[in-house]
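Peer 1: Here it is, the structure, as structure tokens.
The numbers here are math on the coordinates, done by the rules we state, and not lab data. Here the structure is a predicted model, which means the values were calculated and not measured. As a convention, Cβ positions derive from the backbone with ideal geometry for all residues, glycine included, and neighbour counts pool all protein chains shown.
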Amino acid sequence: MSRRKLLTSAAQPAPPLGKMHTEDEMRVYIRERYRINATKRTVEDWRLSGEGPPFRRSGRTPLYEEHDIDAWALRRLSRAHRCTAEEQAPSPDATPAPQRAPVKRRVRSAPEPIAS
């Protein structure tokens with residue numbers, strides 16, 4: 001393989017990044033846009049457990065892309081409802097909850113009187 005081919009095939013341009021937010025900016029963004037209130041500690045916990053939006057690092061600073069925050073927040077929200085009755089109805093594609101077997105309770109008999 002020629003040197004020219006190696007140089008051109010190895011360097012693929014990275015896709016452009018969207019608007020990036022620090023953790024504090026991300027907290028403000030999700031509070032204002034989606035009304036999701038989160039403390040600094042909660043956002044740290046989300047990052048450590050993998051519950052939060054995907055992030056990148058710049059040195060030690062985690063950075064969040066705005067489109068990743070939007071996608072993550074929309075997954076957390078429920079579907080749109082027209083009335084509160086729809087909220088209670090299960091979705092047609094939901095699997096029914098497994099039925100629990102009835103619990104057999106032991107009936108305790110009254111204690112026998114002590115003979116004197």
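Peer 1: Enumerate the amide H contacts of Leu63 below 5 Å, restricted to partners 5 or more residues apart or on another chain; note that Pro and chain-start residues carry no placed amide H.
Peer 2: Counting only residues 5 or more places away or on other chains, the set is Arg56, Arg57, Ser58.
Peer 1: Now for a separate question. Enumerate the calculated ³J(HN,Hα) couplings along the range 25-36 in order (Karplus 6.51 cos²θ - 1.76 cosθ + 1.60, θ = phi - 60°), each rounded to whole Hz, writing x wherever the residue is Gly or Pro.
Peer 2: Along the range 25-36, the couplings run 5, 5, 4, 5, 4, 6, 5, 6, 8, 10, 6, 9 Hz.
Peer 1: Among Leu63, Leu17, Asn37, which residue has its Cα furthest toward the positive end of the charge dipole of the range 17-79, with +1 on Lys/Arg Cβ and -1 on Asp/Glu Cβ?
Peer 2: Asn37
Peer 1: May I ask you to order 41-48, 54-61 by the average number of other C-beta atoms within 10 Å around their residues, highest value first? All intermediate terms of the calculation are to be shown ahead of the outcome.
Peer 2: On the way: 41-48: 14.0, 54-61: 10.1.
Answer by packing, highest mean first, reads 41-48, 54-61.
Peer 1: Rank the residues Ile30, Ile114 as a footprinting-exposure proxy: fewest other Cβ atoms within 10 Å of their Cβ go first.
Peer 2: Details: Ile30 23, Ile114 5.
In order of increasing Cβ crowding within 10 Å: Ile114, Ile30.
Peer 1: Can you tell me the length gained on complete extension of the stretch Met20 to Leu74, counting 0.36 nm per residue apart and subtracting the Cα distance? Before the final figure, lay out the partial values.
Peer 2: Numbers: separation 54, 0.36 × 54 = 19.44 nm, distance 1.80 nm.
Using 0.36 nm per residue and subtracting the Cα-Cα distance, I get 17.6 nm.
Peer 1: OK, next. What translational D, rounded to a whole number of µm²/s, comes out for the range 17-79 from Stokes-Einstein when the hydrodynamic radius is the Kirkwood one over Cα pairs, at 10 °C and 1.306 mPa s?
Peer 2: On the way: Rh = 11.7 Å.
It comes out at roughly 136 µm²/s.
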